[in-house]
Amino acid sequence: EDQVTQSPEALRLQEGESSSLNCSYTVSGLRGLFWYRQDPGKGPEFLFTLYSAGEEKEKERLKATLTKKESFLHITAPKPEDSATYLCAVQDSNTGKLIFGQGTTLQVKP
Amino acid sequence: DGGITQSPKYLFRKEGQNVTLSCEQNLNHDAMYWYRQDPGQGLRLIYYSQIVNDFQKGDIAEGYSVSREKKESFPLTVTSAQKNPTAFYLCASSPGQKGTDTQYFGPGTRLTVL
């Protein structure tokens, strides 16, 4: 059965304190892995798509990496405005459906 | 400005009522989706449509219905048969190309049963 697990559930950082969020997945065939950012009461905002192991993508203070079993979202020198819930999803190559993890809620304190 | 709109932002329903949530997109996307989000859970797929006049059940379709009469519109009806409808509902669309297909989300509708 396809499954996506994100850890930790919640993360508190001081401004400037770098860290990583983890997304572990089990899927019969991976078509792509997606990262989204979601602010409270709003819809998810697309960040990255990763297609194959070894691939990396960057956007401002965020860098996403992918292995055969997991993906990491690295946050370098975070700012309070990076506070949000980060969602990971994998697309099953057989069904085309997205399977979402439960998210990691990040709080960055000034 | 291209994007996905959902209305209303907040919706209150009495027991036994059907309600319809609106989703419109002007991105010229072929595929549209409805998800439900509950606290502490991942998004769950309710229905999806890859082309006009065609749609498929997702993982939790019971108690919901949809239509896709126009490319731009994919309304979701929450029927009285849905046992626990209080949730945050998200509509998404994607270009619909074969292969990896990024989904873009609307702002959501929060439904509360009174």
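The values are calculated or read from the model by the stated rules, or taken from the named source; none is laboratory data. Note that the structure is a prediction, hence the values are computed from the model and not measured. No Cβ is skipped: glycine too gets one built from the backbone with ideal geometry, and neighbour counts run over all protein chains shown. Side chains are part of the model used for accessible areas, which takes the heavy atoms of the whole protein and leaves out ligands, DNA and RNA. Shrake-Rupley method; radii C 1.70, N 1.55, O 1.52, S 1.80 Å.
Can you tell which of B:85, B:108, B:65 lies farthest toward the positive end of the dipole of chain B, using +1 and -1 charges on the Cβ of basic and acidic side chains (Lys, Arg; Asp, Glu)? The residue sitting farthest along the positive end of the dipole is B:85. Using only side-chain charges placed at the Cβ, +1 for Lys and Arg and -1 for Asp and Glu, the dipole size of the protein assembly as shown relative to its Cα centre rounds to 320 debye. Springs join every pair of Cα atoms under 10 Å in this Gaussian network model of chain B, and among B:20, B:102, B:77 the largest mean-square fluctuation is at B:102. The magnitude of the dipole of chain B, with charges of +1 and -1 set on the Cβ of Lys/Arg and Asp/Glu and taken from the Cα centre, is near 280 debye.
Carbon-plus-sulfur accessible fraction, region B:1-49 (probe radius 1.4 Å, protein heavy atoms only): 45%. For region A:1-91, the solvent-accessible area with a 1.4 angstrom probe is 50 square angstrom per residue.
For residue B:60 and residue A:76, a Förster radius of 35 Å and the Cβ-Cβ distance give a FRET efficiency of 0.40, rounded to the nearest 0.05. Summed over both chains, the accessible area lost when B and A associate is about 1500 Å², using a 1.4 Å probe.
Once the chain from residue A:53 to residue A:12 is taken as fully extended at 0.36 nm per residue, the excess over their C-alpha distance is 11.9 nm. Cα gyration tensor of region B:17-114, axes a ≥ b ≥ c as square roots of the eigenvalues: rounded (a/c below 1.5), prolate (a/b > b/c) or oblate? Cα axes put region B:17-114 in the prolate bin.
In percent, how large is the relative contact order of region B:1-106, given Cα pairs closer than 8 Å and 6 or more residues apart?
The normalised contact order for region B:1-106 reaches 31 percent.
Taking all protein chains into account, the per residue accessible area for chain B stands at 50 Å² (1.4 Å probe). Using Cα pairs closer than 8 Å and at least 6 residues apart in sequence, work out the relative contact order for region A:57-110, in percent. Once normalised by length, the contact order is 29 percent. When a 1.4 Å probe is rolled over the protein heavy atoms, the share of accessible surface on chain A that falls to carbon and sulfur comes to 46 percent. Relative to the Cα centre, the charge distribution of chain A, modelled as +1 at Lys and Arg Cβ and -1 at Asp and Glu Cβ, gives a dipole magnitude of about 60 debye. Accessible-area rank, largest first, for B:104, B:35, B:48: B:104, B:48, B:35, with all protein chains present and a 1.4 angstrom probe. If you sort B:88, B:12 by accessible surface, 1.4 Å probe, largest first, the order is B:12, B:88. Translational diffusion coefficient of the protein assembly as shown (Stokes-Einstein, Kirkwood radius from Cα pairs, 37 °C, 0.692 mPa s): 182 µm²/s.
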